[in-house]
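*Asks:* Sharing a structure here in structure tokens format.
The values are calculated or read from the model by the stated rules, or taken from the named source; none is laboratory data. What you see is a predicted model, and the numbers here were worked out from it, not measured in a lab. Cβ atoms come from the backbone with ideal geometry, glycine included; neighbour counts cover every protein chain shown.
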Amino acid sequence: MNNLEFSQEPQSALNFLNNQWVKGSGIKFDIHSPYTGEAIGHSYESTSSDLEMIVESAKNAFTTWSQTPMKERTKVMFELRRILLRDIDKISNLICIENGKIFSEAKAEVMKGIEVLEFATSLQNSDSMTKMEVSRGVSCEYRREAMGVVASITPFNFPAMVPMWTMPIAITLGNTYVWKPSEKTPLTAISLANAFKEAGLPSGVLSVYQGSKSSVEAIINHPEINTISFVGSTKVAKIVYDQASRKYKRVLALGGAKNHIILLPDADPMISGKGISDSFTGCAGQRCMAASVLLAVGKVDHLLEKIIERADSHHLGEGMGAIISKEQVDFLNSAIDKALSEGATLLYDGRDKTIPTTGGYWFGPVVLDNVKTDSYVATTELFGPILSIIRCDSISSAMKIENANEYGNACSVFTSTGSLAEKVISRAKAGMVGVNIGVPVPREPFSFGGIAASKFGHGDITGTPSLNFWSQLKKVTIKWESQSDENWMS
């Protein structure tokens, strides 16, 4: 089981206020490990009065932090990088325990967060605002300014990576930042906040606000928080975007996905077998970039064998992690029952794989064949290691199915023919497209973000486009003296 080290003493996930840990004013609740099902710690619901103290602290810190030269703000980020690399195994271990990932996945999550951090450290040199002489004696320039007190609401499935998508960039740009982690995985916030503190981040620049639905609502309703990012289900993303934008806040809410992979007969067996299998089984399928529908074009049974062979090689607790809760395991089983009742067949059923003796919540990979285009499993985000195969007679019919998808997060094609790949790239209704890549997540400075029901708001949450979300441009026009030959432009 990855040789995970479980703490003997339950940990307490508190609010982080003025660089100190303080208990929320609401009720106490337990945090359970998906690996064992047992309580590994506890946290407290926070109240609106708790948020008032946090926002007041952030407002006070903003005045100084926003006026600190970016080069000095960046020094904190360089030190943070050193600390995260030093403590990466400890942080990864904690992610595994409270989230259920295997260790290699947790470590990769932290490394992706560090990649965004490295992008943030480059802003001092790369984000140069333009200044031009626009007429005789007149110049215009851009100046990037921080938004103020901003907030981010993050999900359970990537308790380190998703907040690290936003924290380094937003804070480096001069904002003060309120973070509401998932109530299912609040312990990772302890390690990250302590790392920021050790790196020299001034008091009040980063705050952690624990809790569940009521904490989200408090953030949305607070008049001093003007910018909010959210990552979670489409249902909640819509609510967050609708309610926050009605209050004239800047909002970017990333929702769910139903990602399609087009498999063509000329695909490389090894590349497609590993890439597709790892896409739907990685992180136990609990990620918005997981392949969930395989559009099998033509005679591809020889390739499907490789996908199943790879999926069958994973041992629960070693090659695959746990599911976040018993309720989610029950939901996945009911989804399969529904698929079978709608005419699908079980091509591979890994639910009988040996379950670790630790207890916990486990679910082996499942491959469903002959899935109907409009069936429940073909259209609903399941958030588990289930791959639904829809048989197609051509790329055109496959693209028609992909284009009808409500979501628009990711699409991939596996083929050895460049022209066919280009056809999919140009026609896919998705914000991120891959060729022979099962999880087409861009690398910095290229940004992460879908379209349609996978994203509400404008821009992307990472990369260069994120700069305009976490800041605003001030346009300055300057004239120092009259010109003898001045015209209407001067």
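*Asks:* Consider Ala237 carefully, then state whether it is part of a helix (DSSP H, G or I), among the small types (Gly, Ala, Ser) and in contact with a Phe, Trp or Tyr (Cβ under 6 Å, 6 or more places away or on another chain).
*Replies:* Against the criterion (part of a helix (DSSP H, G or I), among the small types (Gly, Ala, Ser) and in contact with a Phe, Trp or Tyr (Cβ under 6 Å, 6 or more places away or on another chain)), Ala237 qualifies.
*Asks:* What is the residue count in region 448-458 for residues that are buried (at least 18 other Cβ atoms within 10 Å of the Cβ) and either farther than 22 Å from Asp278 by Cβ or among the acidic types (Asp, Glu) (or both)?
*Replies:* Selection size over region 448-458: 5.
*Asks:* For region 60-102: of the residues being among the small types (Gly, Ala, Ser) and touching a strand residue (DSSP E or B) at 6+ places or on another chain (Cβ under 9 Å), which is surrounded by the most Cβ atoms within 10 Å (Cβ to Cβ)?
*Replies:* Let us first name the residues in region 60-102 that are among the small types (Gly, Ala, Ser), namely 61, 66, 92, 100.
Those still in the list that are touching a strand residue (DSSP E or B) at 6+ places or on another chain (Cβ under 9 Å) too: 61, 66.
Working: Ala61: 22, Ser66: 17.
Result: Ala61.
*Asks:* Out of all the residues in region 262-285, is one or more modelled with pLDDT of 95 or more, among the polar types (S, T, N, Q) and surrounded by fewer than 21 Cβ atoms within 10 Å (Cβ to Cβ)?
*Replies:* no
*Asks:* If you go through region 111-157, how many residues are more than 30 Å from the chain's Cα centre (by Cα) and touching a residue at least 60 places away in the same chain (Cβ under 8 Å)?
*Replies:* First, pick out the residues of region 111-157 that are more than 30 Å from the chain's Cα centre (by Cα): 130-142.
When the remaining residues are screened for being touching a residue at least 60 places away in the same chain (Cβ under 8 Å), the result is 134-142.
Of the residues in region 111-157, 9 are more than 30 Å from the chain's Cα centre (by Cα) and touching a residue at least 60 places away in the same chain (Cβ under 8 Å).
*Asks:* Then there's this: Restricting region 336-369 to residues that are hydroxyl-bearing (Ser, Thr, Tyr) and over 23 Å from Tyr35 (Cβ atoms), which is surrounded by the fewest Cβ atoms within 10 Å (Cβ to Cβ)? I'd like the intermediate steps shown before the answer.
*Replies:* Of the residues in region 336-369, the ones hydroxyl-bearing (Ser, Thr, Tyr) are 341, 345, 348, 354, 357-358, 361.
With the extra rule that they be over 23 Å from Tyr35 (Cβ atoms), the set shrinks to 341, 345, 348.
Working: Ser341: 10, Thr345: 12, Tyr348: 18.
Filtering first and then ranking leaves Ser341.
*Asks:* If you check Asp30 against the conditions, is it at pLDDT 95 or above, within 22 Å of Ser182 (Cβ to Cβ), loosely packed, with under 14 Cβ neighbours inside 10 Å and not small (Gly, Ala, Ser)?
*Replies:* Judged against the criteria, Asp30 is a match.
*Asks:* Let me ask you something else. Any chance region 28-36 includes a residue that's free of Cβ contacts under 8 Å to residues at least 60 places away in the same chain, in contact with a Leu (Cβ under 9 Å, 6 or more places away or on another chain) and of a type outside the set (Lys, Arg)?
*Replies:* Checked against the condition, which is being free of Cβ contacts under 8 Å to residues at least 60 places away in the same chain, in contact with a Leu (Cβ under 9 Å, 6 or more places away or on another chain) and of a type outside the set (Lys, Arg), region 28-36 yields no hits at all.
*Asks:* If we only count strands (runs of 3 or more DSSP E) wholly inside region 372-490, which ones have 3 or more residues that are over 16 Å from the mean Cα position of the chain (by Cα), modelled with pLDDT of 95 or more and under 30 Å from Gly100 (Cβ atoms)? Break it down into steps so the answer makes sense when it comes.
*Replies:* Details: elements: 386-392, 410-414, 432-435, 471-479.
Ranges flagged: 386-392, 410-414.
*Asks:* Next question, about the same structure. Looking at region 39-61, which of its residues are part of a helix (DSSP H, G or I) and of a type in the set (A, V, I, L, M, F, W, C)?
*Replies:* Scanning region 39-61 gives Leu51, Met53, Ile54, Val55, Ala58, Ala61.
*Asks:* Return a yes/no flag: does region 288-300 have any residue that is within 13 Å of Met320 (Cβ to Cβ), assigned by TED's automatic domain parsing to the domain that holds Asn409 and either in a strand (DSSP E or B) or at pLDDT 95 or above (or both).
*Replies:* yes
*Asks:* Next question. Need the failing condition index for Cys283 against (1) touching a residue at least 40 places away in the same chain (Cβ under 8 Å); (2) not in a helix (DSSP H, G or I), just the number.
*Replies:* (2)
*Asks:* Right, another one. Would you kindly identify the helices (runs of 4 or more DSSP H) lying entirely within region 109-213 that contain at least 2 residues that are aliphatic (A, V, I, L, M) and under 19 Å from Phe446 (Cα atoms)?
*Replies:* By residue number, 161-172.
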